[in-house]
Amino acid sequence: MGSERSDAAAAETAAMALKILVAGGFGVGKTTLVGAVSEIRPLRTEELLSEAGQSVDDTEGVDRKTTTTVAMDFGRITIRSGLSLYLFGTPGQDRFWFLWDELSQGALGAVVLADTPRLEDCFPAVDYFEHRRIPFVVAVNCFANTRTFGASDMSRALDLDRGTPVVLCDARDRDSGKEVLIRLVEYAGRVHTARMLDSVG
């Protein structure tokens, strides 16, 4: 009995949990992505859009959107045995950006969601993570009936730093979202390892 408990404790200690942010513009699919991949019921802080917010929230291109995240979304996914990701979806509107600094503390990296008709909406998130040297991937959410572009075209359009991955995805699809997260973990791992070696050298 005692050895079983110590084995369980050792397994818990060996397990690794990584913090990942999911960011991007208003209505790009952050809540959808977190909900699609989370193996637990996601925590959401959504409120109905109101007339009071019409003067500050740009809903052009997302006219059918009726709710908005006002703090964060939270979910969890196990990538493989011993490795879990804790997902924190950020609010998209400028007026909630004061939360980003708190949410980004201790994050391994971030997914910046983008969609081609409103590509400019993800520029602030790209700038945020570049300036704070937080590794990120850009995941282009491919909506139906919209023109798709290649990863290299998107990278040029966003003027990304060399090596920043761009992946195409469907935020509604669990497997697609999981692939984005795996790509981020691999990329962030390489970035952090290179920085550690630089600091030692």
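The values are calculated or read from the model by the stated rules, or taken from the named source; none is laboratory data. Note that the structure is a prediction, hence the values are computed from the model and not measured. Neighbour counts are summed over all protein chains in view; Cβ atoms, including those assigned to glycine, are modelled from backbone coordinates with ideal geometry. Surface accessibility is based on the protein's heavy atoms, side chains included, excluding ligands, DNA and RNA. Shrake-Rupley method; radii C 1.70, N 1.55, O 1.52, S 1.80 Å.
Using the structure shown, decide if Asp121 is in contact (Cβ under 8 Å) with a residue 40 or more places away in the chain and either over 26 Å from Leu18 (Cα atoms) or touching a His at 6+ places or on another chain (Cβ under 7 Å) (or both). Against the criterion (in contact (Cβ under 8 Å) with a residue 40 or more places away in the chain and either over 26 Å from Leu18 (Cα atoms) or touching a His at 6+ places or on another chain (Cβ under 7 Å) (or both)), Asp121 qualifies. With respect to the stated conditions, Phe88 fails to be open to solvent by 10 Å² or more (accessible area, probe 1.4 Å), modelled with pLDDT of 85 or more, more than 17 Å from Ala125 (Cβ to Cβ) and of a type in the set (Phe, Trp, Tyr).
Taking the criterion of being open to solvent by 30 Å² or more (accessible area, probe 1.4 Å) and part of a helix (DSSP H, G or I), the residues of segment 99-117 that qualify are Leu99, Asp101, Glu102, Thr116, Pro117.
Screening Asp159, Asp121, Asp127 for residues that are in contact with a helix residue (DSSP H, G or I) (Cβ under 9 Å, 6 or more places away or on another chain) and either open to solvent by 20 Å² or more (accessible area, probe 1.4 Å) or within 26 Å of Ser38 (Cα to Cα) (or both) leaves exactly one candidate, Asp159.
When Phe129, Phe88, Phe98 are screened for being without any contact (Cβ under 8 Å) to a residue 60 or more places away in the chain and among the hydrophobic types (A, V, I, L, M, F, W, C), only Phe98 passes. With respect to the conditions (1) on the phi < 0 side of the Ramachandran plot; (2) open to solvent by 60 Å² or more (accessible area, probe 1.4 Å), Ile134 falls short on a single one, namely (2). Got at least one residue in segment 170-179 being open to solvent by less than 20 Å² (accessible area, probe 1.4 Å) and assigned to a helix (DSSP H, G or I)? Yes; the residues of segment 170-179 include at least one that is open to solvent by less than 20 Å² (accessible area, probe 1.4 Å) and assigned to a helix (DSSP H, G or I).
Report, by residue number, each residue of segment 186-201 that is open to solvent by less than 30 Å² (accessible area, probe 1.4 Å) and in contact with a strand residue (DSSP E or B) (Cβ under 7 Å, 6 or more places away or on another chain). Residue satisfying the conditions is Ala188 alone.
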